[in-house]
């Protein structure tokens, strides 16, 4: 049995969209919530927040080191990410670097920095917010690469860290109705209606849908589940 319990949770990219919903849910679950984001976090859901450029490895490492000293962080949610869709012919190497440095590298930095504290506490939870695009989607060369790599890292970490009571799992959202989604897909547009019609449950998801899955993986009761990916997609990955 693990000594893990709900102490502080660190959420990258927790200021808006899905990240805000995750932060709010974990606070409701009893965690002290800490957000790292380039934008200010909502103080009603974040107990502590820092505006950080997560593409900057030195800056990210420094703030994580500070938090590791000052907080008892037993849960890490690697949520931050951008999409930058493009056909293969237009994928740029600068975009490759930016995506890898934001969508993937902070996950490694945060995990490495917080691991000693989790081990000292007797256990921990790491949750990666990945995506259904790992199953394949047009115009997502770089996004799918970063999210696929995150899922692969999670499986490796699960094998290495299980003996310490630390589980590592992924939540992979499908079409989620964030502000960005509705901005790019107006509700009355034919293309948007087609997206919804192709979802078996006939709706797009919400940030709260994703947060529910994160909440499960972050719970003390989930200690026998590790190395898994849960698709929160309304069924679009089934067919």
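The values are calculated or read from the model by the stated rules, or taken from the named source; none is laboratory data. Because the structure is a prediction, the values reported are computed rather than measured. Note that each Cβ is placed from the backbone with ideal geometry, even for glycine, and that neighbours are counted across all protein chains shown.
Within the bounds of the stretch 154-166, is there any residue that is over 15 Å from the mean Cα position of the chain (by Cα) and either at positive phi or modelled with pLDDT under 95 (or both)? Within the stretch 154-166, one or more residues are over 15 Å from the mean Cα position of the chain (by Cα) and either at positive phi or modelled with pLDDT under 95 (or both). Against the list (1) free of Cβ contacts under 8 Å to residues at least 60 places away in the same chain; (2) not in a helix (DSSP H, G or I), the condition residue 113 fails is (2). Within the bounds of the stretch 54-61, is there any residue that is touching a helix residue (DSSP H, G or I) at 6+ places or on another chain (Cβ under 7 Å) and without any contact (Cβ under 8 Å) to a residue 40 or more places away in the chain? No; the residues of the stretch 54-61 include none that is touching a helix residue (DSSP H, G or I) at 6+ places or on another chain (Cβ under 7 Å) and without any contact (Cβ under 8 Å) to a residue 40 or more places away in the chain. One residue stands out in the stretch 202-239 among those that are out of contact with any strand residue (DSSP E or B) (no Cβ under 6 Å at 6 or more places or on another chain) and either part of a strand (DSSP E or B) or exposed (fewer than 13 other Cβ atoms within 10 Å of the Cβ) (or both): the one that is modelled with the lowest pLDDT, namely 239. If the condition is being modelled with pLDDT of 95 or more and closer than 21 Å to residue 13 by Cα, then the stretch 83-95 contributes only 95.
Among the residues making up the stretch 13-45, those that are over 23 Å from residue 108 (Cβ atoms), free of Cβ contacts under 8 Å to residues at least 60 places away in the same chain and touching a strand residue (DSSP E or B) at 6+ places or on another chain (Cβ under 9 Å) are 27, 32, 40, 42, 43, 45.
Contact annotation: residue pairs with Cβ atoms under 8 Å, 6 or more positions apart or on different chains, pairing a residue in the stretch 222-239 that is on the phi > 0 side of the Ramachandran plot with a partner that is surrounded by fewer than 18 Cβ atoms within 10 Å (Cβ to Cβ) and outside any loop (DSSP other than H, G, I, E, B), are 227/155; 227/159. Residue count for the stretch 152-201 satisfying the condition of being part of a helix (DSSP H, G or I) and either buried (at least 21 other Cβ atoms within 10 Å of the Cβ) or in contact with a strand residue (DSSP E or B) (Cβ under 7 Å, 6 or more places away or on another chain) (or both): 4.
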